[in-house]
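Reading through the C-alpha cells given below for one structure.
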Amino acid sequence: MSESLPALSIGTVVLGVDDVPRAVRFWTVALGFMPRDDTTDTDWAVLVPPGGSGTGLALGRSESPVQPEPRVHLDLYTERPEAEVERLLGLGATRVDWDRYPDDADFVVLADPDGNRFCVIDKRG
C-alpha cells in the first residue's frame, strides 16, 4: 500500500497582536520581510520573505491575552545570537525572565512589542 504525501505546506505562521501597524514595523525590520500586496490594515497583515517564497508571518488583531508560556512560538536561527538579541532589543523587543534555561542554553527568550514570546537560537553549535 503506497501512501501519498499530504498536499499541504505551511503558508504563514499567525501571531495575535494588539497593534497591527506596530507589529508590522517590528517584524519587517526584525526579519527583513515585506508586507504582501494589499494585506496590511489595522486588523490584519501578511508579511513575506524577500523574494516572496517561503513561510510568511501573518499578524492579526487579537483581544486575547498573551500566554506566559505559549504552546507555539517562533524560533529565529542565527550565527550571531548576541548581536541579533541586541538588535531586536533596539527594535522594541524585551528580555523575558525565563527560569527554565538549561545550563548549556543555546537560546534566549524575548518578547515582541505585543508580548509574543520568541527565541533567538544560536545556530553555530
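Taking θ as phi - 60° and the Karplus parameters 6.51, -1.76 and 1.60, the scalar couplings of region 120-125 work out to 9, 9, 7, 7, 6, x Hz in sequence order, x denoting glycine and proline. When all alpha carbon pairs of the chain are counted in 10 Å bins from zero, the resulting P(r) reads 12, 40, 33, 12, 3, 0 %. Annotation for region 19-125: GluC sites (Glu not before Pro) lying in DSSP loop with at most 11 further Cβ atoms inside 10 Å of their Cβ are Glu63, Glu79.
Put simply, the amide H of Met34, placed in the peptide plane, has neighbours under 5 Å in Val48, leaving out anything fewer than 5 places away on its chain. Computed from phi, the 3J(HN,Hα) profile of region 45-58 under the Karplus parametrisation 6.51, -1.76, 1.60 (θ = phi - 60°) reads 8, 10, 9, 10, x, x, x, x, 9, x, 5, x, 10, 9 Hz, with x in place of Gly and Pro. Taking other C-beta atoms within 10 angstrom as a stand-in for reagent exposure, Val13, Val96 fall in the order Val13, Val96, fewest first. Hydrodynamic estimate: the Kirkwood radius of region 45-114 over Cα pairs, inserted into Stokes-Einstein at 37 °C and 0.692 mPa s, corresponds to D of 228 µm²/s.
The amide H of Phe107, built 1.01 Å from its N in the peptide plane, has Asp122 as neighbours under 5 Å, considering only residues 5 or more places off or on other chains.
Put in line by how crowded their Cβ is, counting other Cβ atoms within 10 Å and starting with the fewest, Thr40, Thr12 read Thr12, Thr40. Backbone geometry of region 65-71 corresponds, through the Karplus equation with coefficients 6.51, -1.76 and 1.60 at θ = phi - 60°, to 3J(HN,Hα) couplings of x, 5, 7, x, 10, x, 6 Hz, x marking Gly and Pro.
We did not get these values from a lab; they are worked out from the coordinates using the rules stated. Predicted model only: the values in this text are computed from it and were never measured. When we count neighbours, we look across all protein chains shown, and the Cβ atoms used for this are built from the backbone with ideal geometry, even at glycine.
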